[in-house]
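What follows is calculated from the coordinates using simple rules that are stated; it is not laboratory data. Computed from a prediction, not measured in an experiment: that's the story for all the values here. Glycine gets a Cβ as well: all are built from the backbone with ideal geometry, and neighbour counts include every protein chain shown.
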Amino acid sequence: MQIKLFQDIKAIWKNDPAARGMEFLLYPCLHIMIIHRWISHPLYRIHLKFFARLFSQIGRFITGIEIHPGATINGGFFIDHGMGVVIGETSVIGKNCVIFHGVTIGGTGKHRDKRHPTIGDNCYIGTHATLLGPISIGNHVMIGAESVIINRDVPSDCTVVGAPAKIVKIGKKKLARPRNLPLSHYRKNEKNLEKREE
């Protein structure tokens, strides 16, 4: 936990040129990650779910960032500004990810068990982007501001923008025409089940 928190502090200095000296202590993303990493998530893991939620709600009140105690977040995590961010219970976020204010990493309300996105390492999610369902986001992905991704996976090493989001760049190569995102594996499985039931 201490190593991940140190990585979070380094991420503030790395990703925000306005962070100078001891100013990292004032960042709401650091406050919420202290609560999440040291209190809420450990309480959730030992099944003290009421108290886990209580502390996550206190963190939400203080920072404007709502992270469910069940969410798994790796080190180097940075939320710029922070206000209005929502991260759901079964979300998994990889190393060195950056998200901006207003981002929703949530569920569709139609699933049980794994309901929220899994995000790879070194991803960047722009302001007010919405990611819903048990989708998979690859490594080194950039998601533009106000993009919407539902029932679709995002391959590694690409940039996506729009509502619904489409691939506009793969690696360093810009695409002449935006490409649709592939249907999520879980959605393909659901469609196959629907066909069998018919």
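Worth a mention:
- For Tyr186, Tyr27, order by how many other beta-carbon atoms lie within 10 Å, fewest first: Tyr186, Tyr27
- Candidates Glu23, Glu66, Glu146: whichever shows maximal mean-square fluctuation once the chain is modelled as a Gaussian network with Cα springs under 10 Å: Glu23
- Under 5 Å, built H, 5+ apart or other chain: amide partners of Gly107: Gly133
- Of every Cα-Cα pair in segment 48-90, the percent that sits beyond 12 Å: 61 percent
- Cα centre as origin, Lys/Arg/Asp/Glu Cβ charges: segment 85-198 dipole, Debye: 460 debye
- Taking Cα atoms only, the orientation of helix 2-15 departs from the longest principal axis of the chain by about 80 degrees.
- Rg and Dmax of segment 85-198, Cα atoms only, in Å: 13.9, 44
- Summarising the amide proton neighbourhood of Leu175: residues at separation of 5 or more, or on other chains, whose placed amide H is nearer than 5 Å comprise Lys169, Ile170.
- Among Lys169, Lys14, Lys95, the residue with the largest mean-square fluctuation in a Gaussian network model of the chain, with springs joining Cα atoms closer than 10 Å, is Lys14.
- Of Lys10/Lys110; Lys4/Lys114; Lys14/Lys110, those spanning more than 32 Å from alpha-carbon to alpha-carbon: Lys10/Lys110; Lys14/Lys110
- Amide H partners (placed H, <5 Å) of Val154, local residues excluded: Ser136, Ile137, Gly138
- Among Ile39, Ile99, Ile167, the residue with the largest mean-square fluctuation in a Gaussian network model of the chain, with springs joining Cα atoms closer than 10 Å, is Ile39.
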